[in-house]
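K.L.:
One structure, as structure tokens, below. Some questions next.
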Amino acid sequence: MRILITGAAGFLGSHLCDRLLAEGHEVIGLDNFVTGNRENIAHLLGNEKFSFRKHDVSNYIFIAGKVEAVLHFASPASPNPQSPSGYFNLPIQTMKAGALGTHNCLGLARSNRARFLLASTSEIYGDPLVHPQTESYAGNVDPVGPRAVYDEAKRFAESLTMAYHRAHDVATRIVRIFNTYGPRMDLEDGRALPNLLKQALLGQPLTVYGDGSQTRSFCYVDDLVTGIIKLLHSNEHLPVNIGNQTEMSILQFAETINQIVGNQGGITFVKDARSVRDPQQRQPDITRARQILGWEPEISLAEGIRKTIPYFKQKLGIP
Ligand code: NAD
Ligand code: UDP
């Protein structure tokens, strides 16, 4: 297949490029580097099956020749208000990437009669009142809260995707991605894994926000990519959760990182680090992914952290 991936220079986009190229597909990567990094795709630039376009998805996308699939991953993704690349600090760009970007990608898919896959998110469930989160749960999102620029853009993107499926018969797929981590995450984007693993490797105390009782479930990137590719090749047009079900408190998560790294720096609790209420608990119900895709994660948290450490050490200049 000839596949367009938006957000190709980002964490997830670059791993998808790698996997799809390894499977023999031709990949066109598109990115404007607002939160991504050229280094993430530098190793692909000599590959004759890979080409790259610097472009903002919020503007009309022209691709010469036939495209058979469009994977829309371009969007700021970090909720950390302290990070310049977090969506709190890129509010309009985030809404445009989710709304106008999704529209442009769907238009491109429609005109090419190509498959379209949307990278949606567990954030569409907001601060969930149903636990674990099933795809049938409609969510608890404040449309005017600061997190809304991301959450509502993704909710709109899902609605628009379903509209193109229903009105124009586009073969659409929607993946609701839960917290995912691995090599090529931006060490400075303020998300939990980069912040805490970086601090642990530098021998510093780990910054746990609030009292650390809020929960998450962390999925290693290779597992996620496998699930996404299975979804792309499936016939499922309704949203599918992809994530790891091993739920833990953020305090437990920080303690696990300290233990694996052997960090003696301990933990420091940071009150009010987030200007709005953090989602208090998050765990995907992956029954549909199991049934429809035959997918479930295989990599444990300890194994995934060990696989991520060499990249972080290299970035930090630690031998
Ligand atoms: P990332 O910031 O590493 O990657 C996003 C990429 O999109 C970056 O390279 C950025 O430069 C690019 N981009 C942003 N706006 C753009 C625009 N207007 N035009 C062109 N390129 C643009 O983040 P990520 O973690 O790889 O996330 C990728 C996608 O997956 C996002 O859509 C995000 O919402 C979704 N997602 C990620 C997670 C996760 O845990 N990593 C969870 C849920 C959803
Ligand atoms: N978090 C933390 N310390 C940090 C960074 C994040 O305690 O240095 C917490 C954050 O408050 C949230 C969880 O870790 O409860 C996951 O945060 P992340 O930014 O990775 O994404 P989210 O799941 O909130 O979208």
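Where a number appears in this text, it was derived from the coordinates with a stated rule and is not lab data. Everything numeric in this text was worked out from a predicted model, so none of it was measured. Positions of Cβ are generated from backbone atoms using ideal geometry, with glycine treated the same way; all protein chains shown enter the neighbour counts.
K.L.:
Relative contact order, percent, of the range 165-319 when contacts are C-alpha pairs under 8 Å separated by at least 6 residues?
P.N.:
Dividing the mean separation by the residue count of the range 165-319 yields 34 percent.
K.L.:
Right, another one. Neighbouring Cβ atoms within 10 Å as the yardstick, rank VAL144, VAL225 fewest first.
P.N.:
Ranked by crowding around the Cβ, least crowded first: VAL144, VAL225.
K.L.:
A follow-up question, please. Fewest first, what order do PHE33, PHE253, PHE269 take by the number of other Cβ atoms within 10 Å?
P.N.:
PHE33, PHE269, PHE253
K.L.:
Calculate, in nm to one decimal, what GLU298 and SER249 gain on full extension: separation in residues at 0.36 nm each, minus their alpha carbon distance.
P.N.:
15.6 nm
K.L.:
If the limit is 22 Å between Cα atoms, which of LYS198/LYS271; LYS198/LYS307; LYS198/LYS230; LYS54/LYS96 go over it?
P.N.:
Table pairs above 22 Å Cα-Cα are LYS198/LYS230.
K.L.:
Would you mind ranking THR215, THR161, THR121 so that the residue whose beta carbon has the fewest other beta carbons within 10 Å leads the list?
P.N.:
The most exposed by this proxy come first: THR215, THR121, THR161.
K.L.:
Another question, then. Which shape class, rounded, prolate or oblate, goes with the range 84-146 when its Cα gyration tensor gives a ≥ b ≥ c as root eigenvalues, a/c under 1.5 marks rounded, and past that a/b bigger than b/c marks prolate?
P.N.:
Cα axes put the range 84-146 in the oblate bin.
K.L.:
Here's something else I'd like to know. What percent of all Cα-Cα pairs in the chain falls in each 20 Å bin, counting up from 0?
P.N.:
Cα pair-distance distribution for the chain, in percent: 34, 60, 6.
K.L.:
So which residue, out of ASP142, ASP127, ASP189, gets the largest mean-square fluctuation from a GNM of the chain using Cα contacts under 10 Å as springs?
P.N.:
Evaluated over the chain, the most mobile residue of the options is ASP142.
K.L.:
Just to be sure I understand the model, the point goes 7 Å from the Cα along the line to the Cβ. What's the resulting GLN204 to THR268 distance in nm?
P.N.:
0.8 nm
K.L.:
Further question on the same structure: Can you grab the distance from the C-alpha centre of the range 62-119 to the C-alpha centre of the range 1-39, Å, no decimals?
P.N.:
13 Å
K.L.:
Straight-line reach from LYS313: which aspartates and glutamates have a Cα under 17 Å away, not including same-chain ones fewer than 8 places off?
P.N.:
Within the straight-line cut-off, LYS313 pairs with GLU39, ASP186, GLU188, ASP189, GLU303.
K.L.:
Now a separate question. Starting from the 7 Å offset along Cα-to-Cβ, what nm value, one decimal, do you get for the label separation of ARG166 and ASP211?
P.N.:
Each label point lies 7 Å from its Cα, and together they span 4.3 nm.
K.L.:
Calculated FRET efficiency, ALA42 and ALA22, Cβ-Cβ r, R0 30 Å, to nearest 0.05?
P.N.:
After rounding to 0.05, the efficiency reads 0.95.
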